[in-house]
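The values are calculated or read from the model by the stated rules, or taken from the named source; none is laboratory data. A quick note: this is a predicted structure, and the numbers were derived from the prediction, not measured. Every residue, glycine as well, gets a Cβ built from its backbone with ideal geometry; the counts of neighbours run over all protein chains shown.
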Ligand code: RIB
């Protein structure tokens, strides 16, 4: 398999996960069970996915000077991820998230980003200049100015995952090669609900008019709709029984970056990413559920190395 390089400029967060039968309504208390404490953060999750699939992966992020941050970086290093551009910020705390899972495998996430929001644009720019990469992967859990600085300095293909829902300024769209919202993030960007191929197609067309080159809208168990200059369509997800959907979107983005770095067209890259995300929802934990390349089916592996 060809050696591809992916740079992730993004977030790192410690996830505290509880399981409940049903999510509480406002004002309601419900009993739950502890699932565990897991390393997370959309950026770190995406980096783990890319590294496990086989990409040479670098991660640029901000943590606080606390054990949570240090331990998570050690775990990322054990995944062979270059963390030499992770910065520790004085008087800031490493990000933390409270996550609930229900019996349907759905999740709610409340994230306190802490040090992630003190990420300096200069650090992002330096990383994009210094770290060789085929694909730069960005999300919405660091300041937009930092993402923008990395995108401007990048010589690679730029994927921007606007999650949690965040609206890039119009002037940032031309810097984005692939914009990857999920249904609710796409709704936030265009202002109407996205729930099927037709509404996703309409939204993708509008987002491309704003200046990004292509769009992939993930549709949960329905799969993902992609739109590039010369092709578009819905890639259906296989039917699986989901136990934990936390990090499925991150798995999708890490896998999409990996496939695009291998020069797959957007249709085949989306197919690969949908299959990887379907694998991840069958496993507990955002990072622990990311697939290694060898764990994928032979038909999925063949998309990368026929
Ligand atoms: O996408 C899932 C991630 O979002 C979790 O790991 C949590 O940290 C939040 O940032």
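A few notes on this one:
- Restricting the range 109-144 to residues that are more than 11 Å from the ligand (Cβ to nearest atom) and assigned to a strand (DSSP E or B) leaves a set whose member that is farthest from residue 58 (Cα to Cα) is 138.
- Residue that is nearest to the ligand (Cβ to nearest atom), among those in the range 245-277 that are part of a loop (DSSP other than H, G, I, E, B) and surrounded by fewer than 24 Cβ atoms within 10 Å (Cβ to Cβ): 245
- Leading residue by the ranking (nearest to the ligand (Cβ to nearest atom)) among those in the range 2-21 that are assigned to a loop (DSSP other than H, G, I, E, B) and surrounded by 12 or more Cβ atoms within 10 Å (Cβ to Cβ): 11
- Test result for residue 210, away from the ligand (no atom under 16 Å from the Cβ), in contact with a helix residue (DSSP H, G or I) (Cβ under 9 Å, 6 or more places away or on another chain), closer than 25 Å to residue 47 by Cα and modelled with pLDDT of 95 or more: no
A quick yes/no check of all residues on (1) touching a strand residue (DSSP E or B) at 6+ places or on another chain (Cβ under 6 Å); (2) assigned to a loop (DSSP other than H, G, I, E, B); (3) more than 16 Å from the ligand (Cβ to nearest atom):
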{"residue": "26", "(1), (2), (3)": "no, yes, yes"}
{"residue": "31", "(1), (2), (3)": "no, yes, yes"}
{"residue": "38", "(1), (2), (3)": "yes, no, no"}
{"residue": "44", "(1), (2), (3)": "no, no, no"}
{"residue": "70", "(1), (2), (3)": "no, no, yes"}
{"residue": "84", "(1), (2), (3)": "no, no, yes"}
{"residue": "90", "(1), (2), (3)": "no, yes, yes"}
{"residue": "104", "(1), (2), (3)": "no, yes, yes"}
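- Residue, farthest from the chain's Cα centre (by Cα), within the range 285-306, restricted to residues that are assigned to a helix (DSSP H, G or I) and touching a residue at least 60 places away in the same chain (Cβ under 8 Å): 304
- Residues being in a strand (DSSP E or B) and surrounded by fewer than 18 Cβ atoms within 10 Å (Cβ to Cβ) - total across the range 203-233: 1
- Inter-residue pairs, beta-carbon under 7 Å, first at positive phi and in the range 244-267, second more than 10 Å from the ligand (Cβ to nearest atom) and outside any loop (DSSP other than H, G, I, E, B), 6+ apart: 247/280
- Here residue 77 meets each of (1) touching a strand residue (DSSP E or B) at 6+ places or on another chain (Cβ under 6 Å); (2) more than 25 Å from residue 248 (Cα to Cα); (3) without any contact (Cβ under 8 Å) to a residue 24 or more places away in the chain with one exception, condition (2).
- Tally of residues being more than 27 Å from residue 259 (Cα to Cα) and crowded, with 22+ Cβ neighbours inside 10 Å across the range 117-136: 1
- Every condition in (1) more than 13 Å from the chain's Cα centre (by Cα); (2) farther than 15 Å from residue 53 by Cα is met by residue 279 except one, and the failing one is (2).
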